[in-house]
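*Asks:* For reference, the structure I am asking about is given below.
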Amino acid sequence: MAKVLMKGNEALAEAAIQAGCRHYFGYPITPQNEVTAYMAKRMPEVGGVFLQAESEVSAINMVYGAGGAGARVLITSSSPGISLMQEGISYIAGAEVPCVIANIMRGGPGLGGIQPSQSDYFQATKGGGHGDYKLIVLAPSTIQEMAELVQQAFHIADKYRNPVMILGDGMLGQMMEPVDFDILKKEENKIEEKPWATTGKGTRNKRNIINSLELDPQILEKHNIEIFKKYQKAAKEEVRYEMTNCEEAEIILVAYGTIARVAKNAIEIAKRENIKVGLIRPISLWPFPEEPFKKTKDHVKAYLTIEMSMGQMIEDVKIAVNGQKEVYFYGRVGGMVPEPMAILEEIKKIRGKK
Amino acid sequence: MTVVFQKTKGLTDTPFHYCPGCTHGIVHRLVAETMEELGVLDKAIGVAPVGCAVFAYEYFNCDMQEAAHGRAPAVATGIKRVHPDKIVFTYQGDGDLAAIGTAETVHAAARGENITVIFINNAIYGMTGGQMAPTSLIGQETLTTPYGRKPETNGYPIKMCEMLSTLEGAAYIERVSVYDVKHVLNAKKAIKNAFKAQINKKGFSMIEVLSSCPTNWGMSPNEALKWIKDKMEQYYPLGVYKNTLEEEK
């Protein structure tokens, strides 16, 4: 298959199908509606199930049922919809059921707007639902990468028996770019047996029970510790990031998703003015990559975090930098997108500081 | 020696945690016997609720998944769409099914989701200690209606069978009770019909069982059974509300 021109939302849907996902449950919300439309059309063609639920609350619980029953299952939504799903996400994580959740973020809080945003970073990486749990969160910055990360997400979800979130924004969902599906890692699409799934007892000796209830505090504590061991393993093995022009940079930008692309433009403009600027682009937001900060902290003057939020990822950047260098922030919100020249201005301001 | 009666294979050996005089135990046995008799235990997948029956997954001898408050029909939908030829059922109380999970219940029925719902209506929240349920009767005293349920402040009890039977997707809807042997036998027949509706891929089936809660009603087990008959049955008439199985005959 040659490269095809696709919207980000469509590439997300097609990549899931190619990863063996045959069950999609969702509820329409802008700006990710192309996913539901695409799935409604494509799923019957591949013998899959598309079901439009009555609400996001129901949809995520359908995902819980289907994932528990052993299927590769996808759910997509946008910010207010993801908020409604938090109950189900906590249960899914607690019951150790794999699934892939995509949040194509829009502005908030509340009903907010329908323009792109990154203001759900805390919700995605720090919890959102109740209890001690983690999502593995992947943030693509191109549509090609969206397709690749969706496929990896299914593999990672099965590997850890945990929900994996694709965190994109409305811009990535709505823009069109060429996508090559042939270069995707096919071995990750191989679905391994799930002997723990509720498939009906059949000839099995033991019943399979999928559950997150433990009334005995000692057993619940043990369960919490067990799932955190899993997260510690993920924290080692699932770190993903990209570094651009960091070797000699005096200022390093930190940005994820589509804004990392704007940051790259700012770097090019800065280069023309003989200002050496680099970029650290976290691809996995949880686990958050700390190595690139360790590698660069000796030669850089400061870090500048750029987000479409009031400043959320900056907290993880500060933890990674651990007080050894200054960390600055520039962000736009409400659906506004930071512009390269504005980023350059911020860089100049930092350079001017003693 | 001839065995005249033995415990159903549909239940595990785990002792029930239910209060003395509670009818959950009877209904568990009816559901379990039904699955055994229909030969579907090996392909059954149950969904346990939140509430008194939260440990149902410990009792039914089949694969089980535990759902969040009210979400059992959605979880069951997900399971059934993955395994359309397996038998999927939920077991839910009135708070679970008729309050927090109303949307999930109504829409699973509207979709004609081919699952079976066992609905335990005891007109009160049991596990949380006796608060008003959506099905609590007018005048009924509960922790949260200490002066009796008043329509002007608490609204009216919901009649789920009547409501769901208006939906095209509902295949079999019946309200039964278990306050005496005759009614227990009839409840068994109803539960069997509900599972048969699913086996025949007719769509959504629900059996509402008027049940007792001696502990939270503050009654003896006997008084509680009498209260179902004298009070609950007046507001919630027993009977078949929808039956698409009959059309086959």
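The values are calculated or read from the model by the stated rules, or taken from the named source; none is laboratory data. Fair warning: this is a prediction, and the values are worked out from it, not measured in the lab. A quick note on method: Cβ atoms are made from the backbone with ideal geometry, for glycine too, and the neighbour counts reach across all protein chains shown. Protein only, heavy atoms only, side chains kept; ligands, DNA and RNA dropped before computing areas. Shrake-Rupley method; radii C 1.70, N 1.55, O 1.52, S 1.80 Å.
*Asks:* Which one of these is out of contact with any Pro (no Cβ under 6 Å at 6 or more places or on another chain), more than 16 Å from residue B:206 (Cβ to Cβ) and open to solvent by 10 Å² or more (accessible area, probe 1.4 Å): B:126, B:130, B:78, B:112?
*Replies:* Details: B:130 fails: open to solvent by 10 Å² or more (accessible area, probe 1.4 Å); B:78 fails: open to solvent by 10 Å² or more (accessible area, probe 1.4 Å); B:112 fails: more than 16 Å from residue B:206 (Cβ to Cβ).
The unique qualifying residue is B:126.
*Asks:* Given the conditions (1) closer than 26 Å to residue A:70 by Cα; (2) open to solvent by less than 30 Å² (accessible area, probe 1.4 Å); (3) out of contact with any Phe, Trp or Tyr (no Cβ under 6 Å at 6 or more places or on another chain), and given that residue A:232 satisfies all but one, which numbered condition is not satisfied?
*Replies:* The one condition residue A:232 does not meet is (2).
*Asks:* Can you find a residue that is under 17 Å from the mean Cα position of the chain (by Cα), at pLDDT 95 or above and facing chain B (nearest Cβ under 10 Å) anywhere in the range A:110-133? Reasoning before the result, please.
*Replies:* Here is the first cut: in the range A:110-133, the ones under 17 Å from the mean Cα position of the chain (by Cα) are A:116-129, A:133.
Those left that are additionally at pLDDT 95 or above: A:116-126, A:129, A:133.
Among the residues that remain, those that are also facing chain B (nearest Cβ under 10 Å) are: none.
Scanning the range A:110-133, I find no residue that is under 17 Å from the mean Cα position of the chain (by Cα), at pLDDT 95 or above and facing chain B (nearest Cβ under 10 Å), so the answer is no.
*Asks:* In the range A:304-325, which residues are open to solvent by less than 60 Å² (accessible area, probe 1.4 Å) and either modelled with pLDDT under 95 or among the small types (Gly, Ala, Ser) (or both)?
*Replies:* A:309, A:311, A:320
*Asks:* Considering only residues that are away from chain A (no Cβ under 14 Å) and among the polar types (S, T, N, Q), look in the range B:80-121 and name the one that is nearest to residue B:176 (Cα to Cα).
*Replies:* This residue is B:121.
*Asks:* When residue A:44 is evaluated against the numbered criteria (1) away from chain B (no Cβ under 12 Å); (2) within 19 Å of residue B:111 (Cα to Cα); (3) open to solvent by less than 10 Å² (accessible area, probe 1.4 Å), which criterion, by number, is the only one it fails?
*Replies:* Only one criterion is unmet by residue A:44, namely (3).
*Asks:* Sticking with this structure for a sec: If I ask for residues that are farther than 15 Å from residue A:180 by Cα and surrounded by fewer than 21 Cβ atoms within 10 Å (Cβ to Cβ), which ones from the range A:125-154 would you list?
*Replies:* Listed by number, the residues that qualify are A:126, A:127, A:128, A:129, A:130, A:131, A:132.
*Asks:* Still on this structure, I have one more. Of the residues that sit in the range A:243-267 and are in contact with a helix residue (DSSP H, G or I) (Cβ under 8 Å, 6 or more places away or on another chain) and open to solvent by 10 Å² or more (accessible area, probe 1.4 Å), which one is farthest from residue B:65 (Cα to Cα)?
*Replies:* A:250
*Asks:* For the range B:13-34, give me each residue that is charged (D, E, K, R) and free of Cβ contacts under 8 Å to residues at least 60 places away in the same chain.
*Replies:* If the condition is that a residue be charged (D, E, K, R) and free of Cβ contacts under 8 Å to residues at least 60 places away in the same chain, then B:13, B:29 are the ones that fit.
*Asks:* Report yes if some residue within the range B:112-133 is modelled with pLDDT of 95 or more and over 26 Å from residue B:178 (Cα atoms); otherwise report no.
*Replies:* yes
*Asks:* Can you tell me which of A:169, A:216 is of a type in the set (Asp, Glu), open to solvent by less than 80 Å² (accessible area, probe 1.4 Å) and under 27 Å from the mean Cα position of the chain (by Cα)?
*Replies:* A:169
*Asks:* State all residues of the range B:24-50 that are within 12 Å of chain A (Cβ to nearest Cβ), crowded, with 24+ Cβ neighbours inside 10 Å and within 26 Å of residue B:125 (Cα to Cα); if no residue qualifies, say none.
*Replies:* Listed by number, the residues that qualify are B:45, B:46, B:47, B:48, B:49.
*Asks:* Which residue, of A:75, A:82, A:60, is at pLDDT 95 or above, away from every other protein chain (no Cβ under 14 Å) and within 17 Å of the chain's Cα centre (by Cα)? Step through it out loud before you land on a result.
*Replies:* Details: A:75 fails: away from every other protein chain (no Cβ under 14 Å); A:60 fails: away from every other protein chain (no Cβ under 14 Å).
Checking each option against the conditions leaves just A:82.
*Asks:* Given the options B:201, B:229, name the one that is surrounded by fewer than 23 Cβ atoms within 10 Å (Cβ to Cβ), touching a residue at least 40 places away in the same chain (Cβ under 8 Å), over 17 Å from the mean Cα position of the chain (by Cα) and not in a helix (DSSP H, G or I).
*Replies:* Selected residue: B:201, the only one of B:201, B:229 that is surrounded by fewer than 23 Cβ atoms within 10 Å (Cβ to Cβ), touching a residue at least 40 places away in the same chain (Cβ under 8 Å), over 17 Å from the mean Cα position of the chain (by Cα) and not in a helix (DSSP H, G or I).
*Asks:* State which residue is farthest from residue A:240 (Cα to Cα) when the search covers only the range A:273-287 and only residues that are open to solvent by less than 30 Å² (accessible area, probe 1.4 Å) and in contact (Cβ under 8 Å) with a residue 40 or more places away in the chain.
*Replies:* A:275
*Asks:* Are any residues in the range A:63-72 in a helix (DSSP H, G or I) and at the interface with another protein chain (Cβ under 7 Å from one of its Cβ atoms), and if so, which ones?
*Replies:* A:63, A:64, A:65, A:66, A:68
*Asks:* May I pose another question? Within the range A:177-200, does at least one residue satisfy the condition of being touching a Lys or Arg at 6+ places or on another chain (Cβ under 7 Å), open to solvent by 40 Å² or more (accessible area, probe 1.4 Å) and either outside any loop (DSSP other than H, G, I, E, B) or more than 14 Å from chain B (Cβ to nearest Cβ) (or both)?
*Replies:* Yes, the range A:177-200 contains a residue that is touching a Lys or Arg at 6+ places or on another chain (Cβ under 7 Å), open to solvent by 40 Å² or more (accessible area, probe 1.4 Å) and either outside any loop (DSSP other than H, G, I, E, B) or more than 14 Å from chain B (Cβ to nearest Cβ) (or both).
*Asks:* For the range B:158-207, give me each residue that is of a type outside the set (A, V, I, L, M) and touching a Cys at 6+ places or on another chain (Cβ under 6 Å).
*Replies:* If the condition is that a residue be of a type outside the set (A, V, I, L, M) and touching a Cys at 6+ places or on another chain (Cβ under 6 Å), then B:175 is the only one that fits.
*Asks:* Checking residue A:22 against (1) open to solvent by 30 Å² or more (accessible area, probe 1.4 Å); (2) within 23 Å of residue A:210 (Cβ to Cβ); (3) away from every other protein chain (no Cβ under 12 Å), which single condition isn't satisfied?
*Replies:* The failed condition is (3).
*Asks:* Considering only the range A:264-292, state which residues are of a type in the set (Lys, Arg), assigned to a helix (DSSP H, G or I) and either within 30 Å of residue A:166 (Cβ to Cβ) or in the same structural domain as residue A:134 (by the TED database) (or both). Full working, then the answer.
*Replies:* From the range A:264-292, those of a type in the set (Lys, Arg) are A:264, A:271-272, A:276, A:281; that's our starting set.
Cutting the leftovers down to assigned to a helix (DSSP H, G or I) gives us A:264, A:271-272.
If the condition is that a residue be of a type in the set (Lys, Arg), assigned to a helix (DSSP H, G or I) and either within 30 Å of residue A:166 (Cβ to Cβ) or in the same structural domain as residue A:134 (by the TED database) (or both), then A:264 is the only one that fits.
*Asks:* While we're on this one: I'd like to check something: does the range B:88-108 contain any residue that is over 21 Å from residue B:55 (Cα atoms) and not in a helix (DSSP H, G or I)?
*Replies:* No, every residue in the range B:88-108 fails to be over 21 Å from residue B:55 (Cα atoms) and not in a helix (DSSP H, G or I).
*Asks:* Something else: Has the range A:86-103 got at least one residue that is in a loop (DSSP other than H, G, I, E, B), assigned by the TED database to the domain that holds residue A:221 and more than 28 Å from residue A:192 (Cβ to Cβ)?
*Replies:* Of the range A:86-103, the ones in a loop (DSSP other than H, G, I, E, B) are A:95-98.
Remaining after also requiring assigned by the TED database to the domain that holds residue A:221: A:95-98.
Then keep just the ones that are more than 28 Å from residue A:192 (Cβ to Cβ); that gives none.
No: the range A:86-103 contains no residue that is in a loop (DSSP other than H, G, I, E, B), assigned by the TED database to the domain that holds residue A:221 and more than 28 Å from residue A:192 (Cβ to Cβ).
*Asks:* Then there is this: In the range B:35-75, what residues are outside any helix (DSSP H, G or I) and without any contact (Cβ under 8 Å) to a residue 40 or more places away in the chain?
*Replies:* Listed by number, the residues that qualify are B:39, B:63, B:64, B:65, B:66, B:67, B:68, B:69, B:70, B:71.
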